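K.L.:
Here's a structure for you.
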Amino acid sequence: METIIREYNADHPDAAVMQQAGQILRAGGLVAFPTETVYGLGGDALNPEASAKIYAAKGRPSDNPLIVHIADKNALKVLSSDVPDMAWKLADHFWPGPLTMIMPKADIVPRQTTGGLDTVAIRMPSHPTAYELIRSSGVYIAAPSANTSGRPSPTTAQHVAGDLSGRIDMIIDSGKVDIGLESTIVDLTGEVPTILRPGYITKKMLEEVVGRVEIDKAILSDKEDPNLRPKAPGMKYKHYAPKGDLVIVEGPADAVAAKINELTDELEGQNVKCAVIASQENIDRYHAGCVMNIGQRSNEESIAANLYAVLREMDDLGVRKIYSESFSGQGLGAAIMNRLIKAAGHQIIRVQD
């Protein structure tokens, strides 16, 4: 299969690009497109064959649910059999935007899209290219991240092409995305809303709208649960991982730097190519051959925006061992750490002064 790549500037829209993409989607094909979070791999959410193609293209486990992307809040009434009042409240505050809500699915949504579950994950993206694609195509779009399953999510069309060229029909290139981390996922099927994946929309922000919000224990755990059946993307399987072995080192800044320098000195003495992921504030503490500036601790949005690109650059450089600083467990930092821990396969070294 030859993958078509078309540039699209939402400020100067080209209707021909959307017409071509819409035809592909309606015919059951796959189109990668940007959202404000990461690039998504889209197929018709109500077409079970299209969902099957998404799983096949990504090499994604079939019990890992897909998120359905919509362009109109009223689609909730079509896709869900029971839309709770809190869903409307959250939609009014955060849609369009990086929030995914889980609720009981309607019969019209195939189980191939929901990973076999009786629930459906829905969001309305704010990226103008994503909005126009959904609106003009006339289909609800099931779209996980547009990468090979387990790899760092794509924040540029070039990342998508590197993973999926030849496996999908089309890539819409609208440049680098804004946020760089996947949407927050909140489960609305219980009495208390529960965060299944942290993201740009934080627990505090949700609580300001609907009151008490819980965090799923699977997010907080230091270990993988092999018996867990994922309610949402990213819950069960190792995700976001570079090809090199990633380890997080956690503790006071001086102790973290000392430990990472000790480890990289030893490995580089054995001719093992190493790299360090560090914040701009601490980058001068390290003396490994490759030290990557991931952004400023004082600006967590910069870290989120750079995370996946930095992990992918490690692959380009052929790095075999990667050590990363840890980051704040609050607010957006919780989402950053969730992705890093997944990418590291829960490998964490804790150090003291």
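The values are calculated or read from the model by the stated rules, or taken from the named source; none is laboratory data. This one's a predicted model, so the numbers in the text were calculated from it and none came from an experiment. Don't worry about glycine lacking a Cβ; one is built from the backbone with ideal geometry, like all the others, and counts go over all protein chains shown. Surface areas here come from the heavy atoms of the whole protein model, side chains and all, with no ligands, DNA or RNA. Shrake-Rupley method; radii C 1.70, N 1.55, O 1.52, S 1.80 Å.
K.L.:
Is it true that residue 251 is on the phi > 0 side of the Ramachandran plot, buried (at least 16 other Cβ atoms within 10 Å of the Cβ) and modelled with pLDDT of 95 or more?
P.N.:
Judged against the criteria, residue 251 is a match.
K.L.:
Read through the list (1) buried (at least 21 other Cβ atoms within 10 Å of the Cβ); (2) out of contact with any Asp or Glu (no Cβ under 6 Å at 6 or more places or on another chain), then give the number of the only condition that residue 278 fails.
P.N.:
Looking at each condition in turn, residue 278 falls short on (2).
K.L.:
Right, something else. Quick test for you: out of 46, 79, pick the one residue that is among the hydrophobic types (A, V, I, L, M, F, W, C), open to solvent by less than 10 Å² (accessible area, probe 1.4 Å) and within 15 Å of residue 140 (Cβ to Cβ).
P.N.:
Only one candidate passes the filter, namely 79.
K.L.:
Step by step: first the residues of segment 289-312, then only those that are modelled with pLDDT of 95 or more and either within 18 Å of residue 258 (Cα to Cα) or touching a strand residue (DSSP E or B) at 6+ places or on another chain (Cβ under 7 Å) (or both), then the one that is most open to solvent (accessible area, probe 1.4 Å). Which residue is that?
P.N.:
Going through the qualifying residues, I end up with 293.
K.L.:
Considering only segment 184-217, state which residues are at pLDDT below 95 and surrounded by 18 or more Cβ atoms within 10 Å (Cβ to Cβ).
P.N.:
Matches in segment 184-217: 216 only.
K.L.:
Report whether or not residue 11 is assigned to a loop (DSSP other than H, G, I, E, B), over 24 Å from the mean Cα position of the chain (by Cα) and under 16 Å from residue 133 (Cβ atoms).
P.N.:
yes
K.L.:
Of (1) part of a loop (DSSP other than H, G, I, E, B); (2) over 26 Å from residue 317 (Cα atoms); (3) at pLDDT below 95, residue 239 satisfies all except one. Which?
P.N.:
(2)
K.L.:
Still on this structure: What do you reckon, is residue 43 within 18 Å of residue 145 (Cα to Cα) and not basic (Lys, Arg)?
P.N.:
Taking the combined requirement at face value, the residue satisfies it.
K.L.:
List every residue pair whose Cβ atoms sit under 6 Å apart, with the two residues 6 or more apart in sequence or on different chains, where the first one lies in segment 109-121 and is without any contact (Cβ under 8 Å) to a residue 60 or more places away in the chain and crowded, with 20+ Cβ neighbours inside 10 Å and the second, anywhere, is in a helix (DSSP H, G or I) and of a type outside the set (Lys, Arg).
P.N.:
Note: pairs meeting the criteria are 120/79; 120/114.
K.L.:
I'd like to know if segment 18-28 contains one or more residues that are in a loop (DSSP other than H, G, I, E, B), free of Cβ contacts under 8 Å to residues at least 60 places away in the same chain and open to solvent by less than 40 Å² (accessible area, probe 1.4 Å).
P.N.:
Yes, the conditions are met somewhere in segment 18-28.
K.L.:
Moving on to the next point. Name the one entry in 320, 285 that is within 21 Å of residue 150 (Cα to Cα), modelled with pLDDT of 95 or more and surrounded by fewer than 20 Cβ atoms within 10 Å (Cβ to Cβ).
P.N.:
After applying the criteria, what remains is 320.
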